[in-house]
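Participant: Let me begin by handing over the structure; questions about it come next.
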Amino acid sequence: MPTVDFISLGCSKNLVDSEKLMGLFEAHGFHVTHDDPNPKGEIAVVNTCGFIADAKEESINTILELVQAKNEGRLQRLYVMGCLSERYLHDLEAEIPEVDGWYGKFNYTQLLEDLLSDIYPATEEKSLNTQYSTLNKRHLTTPSHYAYLKISEGCDRHCAYCAIPLMTGHHKSRPMEEILDEVRWLVSKGVKELQVIAQELTYYGVDLYGEQRIAELIEKMAVVEGLRWIRLHYAYPTHFPWDLLRVMREHENVCKYLDVALQHVSDHMLSRMRRHITRQETIEFIERLRREVPGIHIRTTLMVGFPGETDDDFQQLLDFTRWARFERMGAFAYSEEDGTFAADNYEDDVPQEVKDQRLSRLMRLQQRISAEIEEAKVGHTLDVIIDRREGDYYIGRTEFCSPEVDPEVLIRYNGQELKEGEIYRVKITDSEEFDLYGEIIS
């Protein structure tokens, strides 16, 4: 069977889709590779991102590079799936005819069916094992000790700037037992740490059960034997399910970590963004998180340069960031996205130079805050999971750090061999702006 190289772009939710499709290909006898820097496969599948302009540009450039490889005979077939082709399917088909097949976010089993039809004559065609798509087996591309777990797809929030609902549709929760089956399967494969992800985590269950059931789901996951850490990503502050904080407090393996995008804090901006929350409610939300889960690390995302943002709006954002002291914070400048409420109703009136200046000021402030927060950990002893070894250091993370996006702990190799995926007690000896240094004590 041919080798198929998968290139997965964009977020971790895309990565899960790629892993499921890779597992499906393997079940049918294909050899698969993922993001191979020197691909040797006869077939390439690109899982695209269409979230913002930079991501769309990266997706298009990747496709064009593979088109060139196909034209030069280094690649036989090229298929494209994911968010970009979900949103711009007909335009892409017309502009890049060299691609052998275009698929969206939800019909990727059709990709395999079409490919099998291309490879085998009708009399020999292998039938697609449709039952496989209902199973939870995936080809994991992450280190063997952690994985991403997607519990739902889509979003019903319709924030003014966001194109995600245009690509993913309405919120659709996965059945709870199906998720728990996948959790047990992942743990049986050696996974100790799960990053629980969704476009909107806290809405989980409303469509299936008539109410938010995220706290119940996480509590049932927490009692799965062998699961050491559960980390929560992409919550929404409005109508937050407060019982989830009880689960954090009562279960040691539910990390005291919450990823919740706030975007802004001025009432003017929150209203125009259609966030359905006020400045005061946002402040009370942060205060309650910290009061009910002492030591919680909050990751958030903020936006500058949204249409109509004034100097006063931005100053409120700076003051709020200084007050909130987020342990983890990312920020980006607004870019207009076709089809969104903001694109259709607002003029993109903040000059790019002003957006860039505001973003730089905000991130400089956060860098100082992050440095102070990490420095305060020096002298403390924390649990650290080992991800890898690089040169003279083992690289690990605490429960307060998600892979790839958060600070890491560097432990100098002193002759003691550490096992990837094992959790060690580590005394923090030094800090930098984002990362920590430590030594093993047990």
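The values are calculated or read from the model by the stated rules, or taken from the named source; none is laboratory data. A quick note: this is a predicted structure, and the numbers were derived from the prediction, not measured. When we count neighbours, we look across all protein chains shown, and the Cβ atoms used for this are built from the backbone with ideal geometry, even at glycine. Note: accessible area is taken over every heavy atom of the protein model, side chains too, but ligands, DNA and RNA are not part of it. Shrake-Rupley method; radii C 1.70, N 1.55, O 1.52, S 1.80 Å.
Participant: By how many nm would the segment from R322 to D344 grow when fully extended, if each residue of separation counts as 0.36 nm and the alpha-carbon distance is taken off?
Facilitator: 4.6 nm
Participant: Determine Rg/Rh for segment 170-242; Rg is computed over alpha-carbon atoms and Rh is the Kirkwood hydrodynamic estimate from the same atoms.
Facilitator: 0.96
Participant: Just the isolated ones, please: cysteines in the chain lacking another cysteine beta carbon under 4.7 angstrom.
Facilitator: C11, C49, C83, C155, C255, C401
Participant: Using a Debye calculation, one point per C-alpha and no hydration shell, please list log10 I(q)/I(0) for segment 1-121 at q = 0.15 Å⁻¹ in order.
Facilitator: At q = 0.15 Å⁻¹ the computed log10 ratios are -0.60.
Participant: Give me the mean projected area, in nm² to one decimal, of the convex hull enclosing the Cα positions of segment 251-333.
Facilitator: Orientation-averaged projected area of the Cα hull: 5.5 nm².
Participant: Quick check: residue separation of R274 and E211 times 0.36 nm, minus the Cα distance between them. What number comes out in nm?
Facilitator: Fully extending the segment from R274 to E211 adds 20.4 nm.
Participant: Calculate the FRET efficiency for E375 and I119 from the Cβ-Cβ distance with a Förster distance of 51 Å, rounded to the nearest 0.05.
Facilitator: 0.30
Participant: I'd like the accessible area for R322: 1.4 Å probe, protein heavy atoms, all chains in place, Å² to the nearest 10.
Facilitator: The accessible area comes out at roughly 120 Å².
Participant: Kirkwood hydrodynamic radius of the chain from all distinct Cα pairs, in Å?
Facilitator: Answer for the chain: a Kirkwood hydrodynamic radius of 23.5 Å.
Participant: P(r) tail for segment 320-383, what percent of Cα pairs lie past 19 Å?
Facilitator: Within segment 320-383, distances greater than 19 Å cover 52 percent of Cα pairs.
Participant: Are there any helices in the chain, counted as whole DSSP H runs, that stretch 15 Å or more along their axis by Cα and score at least -0.5 on average by Kyte-Doolittle, and if so which?
Facilitator: For the chain, where a helix must reach 15 Å along its axis and average at least -0.5, the hits are 12-27, 53-71, 108-119, 176-188.
Participant: Additional query: What order, most packed first, do the peptides 77-86, 98-107 have when packing is the mean number of other Cβ atoms within 10 Å of each residue?
Facilitator: 77-86, 98-107
Participant: How many nm separate the modelled label positions at R157 and K137, each set 7 Å beyond the Cα in the direction of the Cβ?
Facilitator: Result for the modelled spin labels: 3.6 nm.
Participant: Using 0.36 nm per residue, how much length does the chain from E93 to E178 gain when fully extended, once their Cα-Cα distance is taken away?
Facilitator: Going from the current span to full extension adds 27.1 nm.
Participant: First measure r as the distance between the Cβ atoms of H251 and W185, then evaluate 1/(1 + (r/R0)^6) with R0 = 25 Å and state the FRET efficiency to the nearest 0.05.
Facilitator: 0.75
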